[in-house]
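Chemist: Here it is, the structure in full.
Where a number appears in this text, it was derived from the coordinates with a stated rule and is not lab data. Just so it is clear, the model here is predicted, and its values are computed rather than measured. For neighbour counting, all protein chains shown are included, and Cβ atoms are generated from backbone atoms with ideal geometry for every residue, glycine included.
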Amino acid sequence: MASIVSHLNAFLYGRISAFHSCNGLLAMVFSFSCSRVKEFVVYNPTTREFKLIPTIDTVDCYKVLNIVFDPVKSDHYKLICICWDRSESSVYRFSVYSSEIGVWKNTGEMEIEELICERGVLWNGGLHWISHWNYSVCFDVDNECIGPHRYAIREPGKHADVWYFGESGGRLFYIDVNEPQGMLFDVFELELKRDCLYWSVKYQVDLAPLTTLYPQMLNENCSLSFEERFEFYTTSFLVDERKKKAGLVISLAGKIISYDINKLTVLELANVEVDAYYGPRRGFYRWDWASQHVKTLTCL
């Protein structure tokens, strides 16, 4: 683990209201307290180069950016802007910006419940998002359109607090609690078979034994529901098929640890402090507050 120093403060005076990363490039939305003006920025933390992107003129209250950058395919990147209004909270509007062309294009809209649109994941040529209602959707990057299908994870109508959604080793994973009164977690994988995508359980991980080493993982307040007593978050799930390894990166009070789910071993990675800005569960990071850092010399 290492620190990355940003040099954007010398040029932009605002708050980062949304950010997204992909293969070494960051896309950010800057908001300013004195006005409703927003700035779109693409930033390369390796070269410290940044570029201002033209904003989209809409009446929607909320805007987030996702960036798609695959250096194996192209030196160019695409931005997907997702907009929605509080009065139509489940209707999301999608627009695409290509660095090769330099203009925005509206690509349609879709009604989706509680989409975690700030954290799209690039996998298999598509940008995937997860919903709190146990399904995922996919944006076709090449054809620049949102796909019509919802890929169900569990039974319809079940609300979930997403514990992880991301890619590792060329595979796409989703993690959710299996037992409402326990610490057993299901690790799902999105698979492609016969031209169909579907979610299936690949691993089951019991984190209860970890509480012997780290009793601070559970709040002693018995008036809370069992899941509310969890004093930790999973920030990443990593697989290495060549070394036959699979493990969780877990953030708990003051520490980041990794847990090998095959060998059942723990490695303490770092001692950390979390900014109090991040809500009531101070002291540990959620998965959607962490991003993998990849170095790239790509020019913007």
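Chemist: From the C-alpha coordinates alone, can you work out the Kirkwood hydrodynamic radius of the stretch 62-289, in Å?
Modeler: It works out to 19.1 Å.
Chemist: Let me ask something else. Please turn the phi angles of the stretch 117-123 into ³J(HN,Hα) values with the Karplus equation 6.51 cos²θ - 1.76 cosθ + 1.60 (θ = phi - 60°), one per residue in order, whole Hz, x for glycine and proline.
Modeler: With the stated coefficients, the stretch 117-123 comes to 7, 6, 10, x, 10, 7, 7 Hz.
Chemist: Now for a separate question. Treating cross-link reach as a plain straight distance, find the lysines whose alpha-carbon is under 27 Å from the alpha-carbon of Lys105, omitting any fewer than eight places away in the same chain.
Modeler: Candidates past the 8-residue exclusion: Lys38, Lys51, Lys63, Lys73, Lys78.
Chemist: Along Cα→Cβ, 7 Å out, is where each label goes; now give me the distance between the ones at Glu114 and Arg171 in nm to one decimal.
Modeler: Between Glu114 and Arg171, the simple spin-label model gives 2.7 nm.
Chemist: What number, in percent, do you get for the relative contact order of the stretch 62-289 if the mean sequence gap of Cα pairs under 8 Å and at least 6 apart is divided by its residue count?
Modeler: 10
Chemist: I've got another one for you. I need the shape label for the stretch 61-184. Rule: rounded when a/c is under 1.5, else prolate if a/b > b/c, else oblate, with a, b, c from the alpha carbon gyration tensor.
Modeler: It comes out oblate by the Cα gyration axes.
Chemist: Go ahead and set up a Gaussian network model of the chain, Cα springs under 10 Å, then flag whichever of Leu172, Leu190, Leu218 fluctuates most.
Modeler: Leu218
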